[in-house]
Amino acid sequence: MAITIALAGNPNCGKTTMFNALTGANQYVGNWPGVTVEKKEGKVKSKKAKGEEITVTDLPGIYSLSPYTLEEVVSRDYVLNENPDVIIDLVDATNIERNLYLTTQLIETGVPVVIALNMADLVAKRGIKIDVKRLSMLLGCPIIETSALKQTGLTDLIDEAVKVAKQKEVKLPGEIFSKDLEAAVDEVKNLLPISISEDKKRWYAVKFLENDSKVVENVKLSGAASATVADHRKKLEEKHDDDMESIVTDERYKYIQKIVGTTVQKEKQKLTTSD
Ligand code: BGO
């Protein structure tokens, strides 16, 4: 079976180092269609691939799947329209809260995600403790600790990605937002056209609530459905006294803080000696 992996992550999370470590010299560089953003693809080196034909597409480094930069649009179009078998989401474990913001969006796209918790060597060195099993359980996706620099965990990462790619069912995320927002997401899901597959509905519902320009332009809703979405948006904005995008961002960060609070013990504070 030929397997396609999308490699996603924030800028500076170690994606280039990881891509090079996985693919070695088997790389092809081009551009994403219609834009001057570099596209890199490669085949996973055979020792790690264990006989499978695995292609890795390196997505541009991004912080979010919003529609504001070319890099974000290229990444989300690839994930939503090209249907890779699995996303490897590279998370810089030394900067976990910021990196998990993208993770919470990737797991909504309906494409299975495996997290590579990268910079494991720095985590150990700095004495940061992460309950990986619990974090994996809370996020609902497998996590493999890696160091792209020291090339550790890479075979396990590819094994896990292949395993997940071969599973037919996608595990969708549990509740991330507060009750009222989750209820609105559920109702908007029911208004989406049948062209949107069940596993992608959550991502599109959130985007319709945010009034995401590209989604509104590309996915046509009936007049009545659009009015219902606008009504949900208005009620939530009034209740939270904020605009919808900020509400969603805040709630993602609150969710991340909650799960990081019970799974990550930050580095010990250095004691300063006063003289
Ligand atoms: C420099 N562990 C450690 N310790 N470092 C890592 C790891 C890891 O697992 N993975 C990556 N790095 P990119 P993006 C650098 O370049 O792959 C390091 O943006 C330096 N350079 O070596 O470029 C990696 O593609 C001088 O560090 O990330 C790189 O995602 C001093 O993380 C940086 C210190 O990796 C970003 C580091 C001249």
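Read-outs: derived from the displayed coordinates by stated rules, not from any lab. On a predicted model such as this, the values are computed, not experimentally measured, just so you know. A quick note on method: Cβ atoms are made from the backbone with ideal geometry, for glycine too, and the neighbour counts reach across all protein chains shown.
Taking other Cβ atoms within 10 Å as a rough exposure proxy, Lys234, Lys168, Lys40 sort from fewest to most as Lys168, Lys234, Lys40.
Taking amide hydrogens as placed 1.01 Å from N in the peptide plane, the amide H of Thr152 sits under 5 Å from those of Ser147, each at least 5 positions away in sequence or on another chain. Taking other Cβ atoms within 10 Å as a rough exposure proxy, Asp159, Asp241, Asp131, Asp89 sort from fewest to most as Asp241, Asp131, Asp159, Asp89. Per residue, the chain reaches -14000 deg cm²/dmol at 222 nm when only DSSP H runs of four or more residues are counted, each adding -39500 (n - 2.57). Candidate cross-link partners of Lys239 among the lysines, defined by an alpha-carbon separation under 18 Å and a same-chain spacing of 8 or more, comprise Lys179, Lys254. Backbone phi angles across region 49-66, fed through the Karplus curve with coefficients 6.51, -1.76 and 1.60 (θ = phi - 60°), yield HN-Hα couplings of 7, 6, x, 7, 8, 10, 9, 10, 10, 8, 7, x, x, 9, 9, 7, 9, 6 Hz in residue order; Gly and Pro are listed as x.
DSSP loop GluC sites (Glu not before Pro) in region 130-212 with at most 15 other Cβ atoms within 10 Å of their Cβ, which ones?
Filter output for region 130-212: Glu169, Glu175.
Over all directions, the average projected area of the alpha-carbon convex hull for the chain comes to how many nm²?
17.1 nm²
The equivalent ellipsoid that matches the C-alpha gyration tensor of region 179-260 spans semi-axes of 22, 15, 11 angstrom, in descending order.
Just to be sure I understand: of the beta bridges DSSP finds with both ends in region 2-166, what percent are antiparallel, rounded to 5?
35 percent
Taking the Cα centre of region 1-85 as reference, the dipole from Cβ charges on Lys and Arg (+1) and Asp and Glu (-1) amounts to some 400 debye. Computed over the chain with a Gaussian network model linking Cα atoms closer than 10 Å, the most mobile of Thr155, Thr55, Thr69 is Thr69. Here the calculated FRET efficiency for Asn81 and Asp180, from their Cβ-Cβ distance with R0 = 35 Å, stands at 0.70, rounded to the nearest 0.05.
Need the C-alpha centroid separation for region 20-48 versus region 217-236, integer Å. Comparing the Cα centres of region 20-48 and region 217-236, I get a distance of 39 Å. From least to most packed, judged by other beta carbons within 10 angstrom and beginning with the fewest, Cys141, Cys13 follow the order Cys141, Cys13.
Work out the length of the dipole vector of the chain about its Cα centre, built from +1 on the beta-carbon of each Lys and Arg and -1 on the beta-carbon of each Asp and Glu, and round it to the nearest 20 debye.
On the way: 38 positive and 42 negative charges, 200 e Å.
So the magnitude is around 960 debye.
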